[in-house]
Amino acid sequence: MGGGCAGLTVGLRLQQTLRPRLRSGEDEITVVEPQPYLTYHPLLAEVAAGTIDPRHVVVPLRRTLPDCRVLTARVTRVDHAGRRVRIDAAPPGEQGLTTELPYDLLVMAPGSVSRTAPVPGLAEHGLGFASVGEAVGLRNHVLEQLDLASTTRDPELRQAALTFVFVGAGYAGVGALAELEDMARYAAKGYHNLDADDLRWVLVEATDRILPEESAELAAHTLAELRERSIDVRLATTLESAADRLMTLSDGSTFAARTLVWTAGTRPAPLLNATDLPLDGNGRIRCLPTLQVSSPDGRPVPDAWSAGDCAAVPDPAADGSPCAPNAQHALAQAELLAANVLAALGGRPLLDYRPERQVCSTSLGVGRAVAHTGRGHLTGRRAWWLHRARHLRRMPSAERRVRILTDWLLAGLFRREVVSLGSVEHPRAEFEAGFADDRFHPGPGR
């Protein structure tokens, strides 16, 4: 269940080992995922900035898993006691294509979704940052605000259009804000009446630091660099309201903004509530260090495994607390899960998950990044090269690695593309407008 970093990696490893049995029909691997591709989330910020083509950070599941059965469908119920899964293959908003799949062994890896909050106005005006569509939409939206600010004569509307608010200062929020600020600063050069200093960027974080998964020293360095770029970072602050695009913060400040990006963490996929598997207090699947699903009494649930953001896997480096939900853990857990599944089928002993030290990084714009290494940390251009090298290596597709590398090379040779293609988000708008015009200018025979 799931075709993200964990699900795809497990499928790849099992496919490589079991290929003769899969092709002879002795075994079958079925991957169920609502989207027909994997999205490599760590590079979404560069998609939003226009450095990488959106298609190049997605990996087609059917092409990557040719010996597996890939079903583009939503899982609506998992009955592990009966070894059955109910799926719905209907498009979003429709129903009626429900079927049940029997299975012998289950791997749960549906990942996570954005964690929202009941903030007034957030549902109406907020923008997410968890998919390729949202990254492209955010880029178009930012460029459209520059167009609006350059055109309007209303000073209040101009200021609201040039104010960009990001809530959540984890890797996703910091990376997205820094990349877009860098892109918008460059784009502002093309407007006769805009200056980069006219743009206002606000980062709101509920805790007293940014990048909570990083060392305090590297987080402090990143904070200093953001503030040096005149980015307004508000720590220990929450968004209280966004009604009517008026941002009200817990520190008492109020200002208008036409851009609100919500990157305040994730939560386990809602699908987990439709299973009979044991969950922990945060809604994640309880797991043993071997990545087997754990019953409440600590024994393994037969034929059930889990990895990735949805799995509460003990982290020895954190006194047994669950591993953080990130791509690095998901990939490492998936590698071990596949090996343990094959070991269990062969009657061999299983290995515990013992993660290597986290080596995270994030880009802060062209030529700028921060990176954690095994020996300490790097900043600036060296960190930027290391960040790119790491994610190029982790991308689970050789073809996509070549395409991304080509994007980076072309971006270094030519000027940045700063054209908004907002019309692609509403492809029927112009066609529908033609029908509206026909009501006033009827054609022949009407």
Ranking request for peptides 167-176, 296-305, 130-139: highest mean number of other beta-carbon atoms within 10 Å first, then the rest in descending order.
167-176, 130-139, 296-305
Zone reached by a paramagnetic label modelled 7 Å from GLU240 Cα along Cα→Cβ, restricted to region 250-273 with backbone N below 15 Å, covers 250-256
Can you give me the relative contact order of region 36-150 as a percent, contacts being Cα pairs under 8 Å and 6 or more apart?
24
Got the relative contact order for region 311-354 handy, in percent, Cα pairs under 8 Å and 6 or more residues apart?
30
Take each uninterrupted DSSP H stretch in the chain, measure its Cα extent along the helix axis, and return the ones at 20 Å or beyond whose mean Kyte-Doolittle hydropathy is at least -0.5.
5-24, 132-151, 171-187, 327-345, 398-413
Of PHE414, PHE166, PHE255, which is the most mobile in a GNM of the chain whose springs link Cα atoms less than 10 angstrom apart?
PHE414
If you wrap the chain's Cα atoms in a convex hull and average its projection over all directions, what's the area in nm²?
26.9
For SER241, what charge total do you get from the other residues with a beta carbon under 14 Å from its beta carbon, if Lys and Arg give +1 and Asp and Glu give -1?
-3
Defining a contact as two alpha carbons under 8 Å apart and six or more residues distant in sequence, what relative contact order in percent does region 130-191 show?
30
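So between PHE414 and ARG185, what do we pick up on full extension, going 0.36 nm a residue minus the alpha carbon distance?
Values: separation 229, 0.36 × 229 = 82.44 nm, distance 1.70 nm.
Gain on stretching PHE414 to ARG185: 80.7 nm.
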Please work out, to two decimal places, the log10 of the ratio I(q)/I(0) at q = 0.26 Å⁻¹ from a Debye calculation in which every Cα of region 167-248 carries one identical scatterer.
-1.26
Of the candidates ALA187, ALA243, ALA318, which one comes out as most mobile in a Gaussian network treatment of the chain with C-alpha springs shorter than 10 Å?
ALA318
Residues of region 52-68 with the amide nitrogen closer than 18 Å to a label point 7 Å from the Cα of ARG23, along Cα-to-Cβ, please.
63-68
Cut-off 12 Å, label 7 Å out along Cα→Cβ of THR152, residues of region 232-254 by amide N
245-246
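Quick note: the coordinates plus some simple rules give every number you see, no bench work behind them. Just so we're clear, the structure is a prediction, and the values are computed from it rather than from any experiment. Counting neighbours? That spans all protein chains shown, and the Cβs are built from the backbone with ideal geometry, glycine included.
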